[in-house]
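Quick notes on the structure that follows.
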Amino acid sequence: MAKTGTPYDIEAVRKEWVGKQTEPVPGRYPVEYDPIRRHCHMIDDDNPLFLDPDYAAKTRHGGVIAPPVMADYFAGQGIWPPSEDGPMLLREVPTPGDRMVNLINEFEYIRPIKIGERLSSYQVLADIFHKPTRLDPISTWIVSETHIIDEAGKVVAIGRNTLLTHRPPEEVAADPNGTGGSK
Amino acid sequence: MTRKTHTQLYFEDVNVGDELPGFTVKLDATRMVKQVSGSQDFYEVHHDTAFAQAGGHKDIFYNTGWTRANLGRLLTDFVGDEGWVKKMRFEMRRMNMNGDTMKVKGKIAGKRPETNEIDIELWAENDREGITTPASATVTLPGKG
């Protein structure tokens, strides 16, 4: 998100941003064993299909696959080192506040993802609107889609995310309705 | 390594209303660190108490990637090597925080024999908030035929 000052013109932002689509950007690294291991460690998942190459080789998959929920991880850049690559929509769309809470997440997993694959992704901004919350009367909601594709350009997974953005309490207290002081 | 226990389920083995084997997770500082490591989500609201409270939250809380991973684990455990998780939807309605004991549960909501698809209602809950993360999913299991 790109924080803007107030007043904030939601209709102007909608007109400019809804429907915008980024170009596909490759993930930083191929699908690898160790991020899968760390993912499984954080949730105590001992599934050998994700962890044990010898076991997985004997299954219908022929080798280790990533947990389906990791598709977007391998299509992304990771948090560090900082990268200017990757779909930038959510970093660029203007919002009144710079705080955010992830709320609704929908995913469709088309096929298993194997070690060594290279994934890319592009984003589409599906919607942006105001809906008040207890955090901020001008809470701003962003709905985006992430399409994850393989090296052939075929979609392997689709994510749809609804993100709540809001201002911190001191900014809300100073200007609750985001009018910038105007009546 | 060997898995704890796993028996491949088939489409014919399960019925609407059946409960999935759930699991329980105690949430503490070590789990929070694993959350950041595994998800690579370094947004301070998930590990910096002062930052979270300055944003109007009671305390740090567990992130979306971690929550999604737990819901996904319930499903991948259920479908085994031969099944597949086709769709999942969840809402981060309430928070799981350190000190909570989170349970991940599910039950079968529907079956479609023509596609071997099974609809599942699943959720995460804790004693403090009740259901924190309602979810739904569609998975497939292999048939016996």
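Of all residues in the stretch A:7-16, none are loosely packed, with under 13 Cβ neighbours inside 10 Å, touching a residue at least 60 places away in the same chain (Cβ under 8 Å) and more than 12 Å from every other protein chain (Cβ to nearest Cβ). Please work out which residue is farthest from A:D46 (Cα to Cα), limiting yourself to the stretch B:8-50 and to residues that are free of Cβ contacts under 8 Å to residues at least 24 places away in the same chain and more than 10 Å from chain A (Cβ to nearest Cβ). It comes out as B:A50. Might you let me know whether the stretch A:152-174 holds any residue that is part of a loop (DSSP other than H, G, I, E, B), over 13 Å from the mean Cα position of the chain (by Cα), among the basic types (K, R) and closer than 20 Å to B:F90 by Cα? No, every residue in the stretch A:152-174 fails to be part of a loop (DSSP other than H, G, I, E, B), over 13 Å from the mean Cα position of the chain (by Cα), among the basic types (K, R) and closer than 20 Å to B:F90 by Cα.
Scanning the stretch B:70-98 for residues that are within 18 Å of B:T132 (Cα to Cα), crowded, with 23+ Cβ neighbours inside 10 Å, touching a Ser or Thr at 6+ places or on another chain (Cβ under 8 Å) and facing another protein chain (nearest Cβ under 10 Å) yields B:L71, B:M88, B:F90, B:M92.
A:H61 meets the stated requirement of being modelled with pLDDT of 90 or more, more than 24 Å from B:A52 (Cβ to Cβ) and within 12 Å of chain B (Cβ to nearest Cβ).
Which of the residues that make up the stretch A:45-68 are within 25 Å of A:I148 (Cβ to Cβ) and of a type in the set (K, R)? Within the stretch A:45-68, just A:R60 meets the criteria. For the stretch A:58-79, the criterion of being β-branched (V, I, T) and touching a Ser or Thr at 6+ places or on another chain (Cβ under 6 Å) is satisfied by no residue at all. Filtered by the rule that a residue be facing chain B (nearest Cβ under 7 Å) and surrounded by 18 or more Cβ atoms within 10 Å (Cβ to Cβ), the stretch A:69-100 gives A:V69, A:R99. Here are some residues: A:A56, A:A66. Which one is surrounded by 15 or more Cβ atoms within 10 Å (Cβ to Cβ), within 11 Å of another protein chain (Cβ to nearest Cβ) and within 23 Å of the chain's Cα centre (by Cα)? Being surrounded by 15 or more Cβ atoms within 10 Å (Cβ to Cβ), within 11 Å of another protein chain (Cβ to nearest Cβ) and within 23 Å of the chain's Cα centre (by Cα) holds for just one of A:A56, A:A66, which is A:A66. Criterion applied to A:S121, A:S144 was being within 14 Å of chain B (Cβ to nearest Cβ), hydroxyl-bearing (S, T, Y) and not in a loop (DSSP other than H, G, I, E, B), and the one residue passing it is A:S144.
The values are calculated or read from the model by the stated rules, or taken from the named source; none is laboratory data. Keep in mind it's a predicted model, so treat the numbers as computed, not measured. FYI the Cβ positions are ideal-geometry reconstructions off the backbone, even for glycines, and counts take in every protein chain you see.
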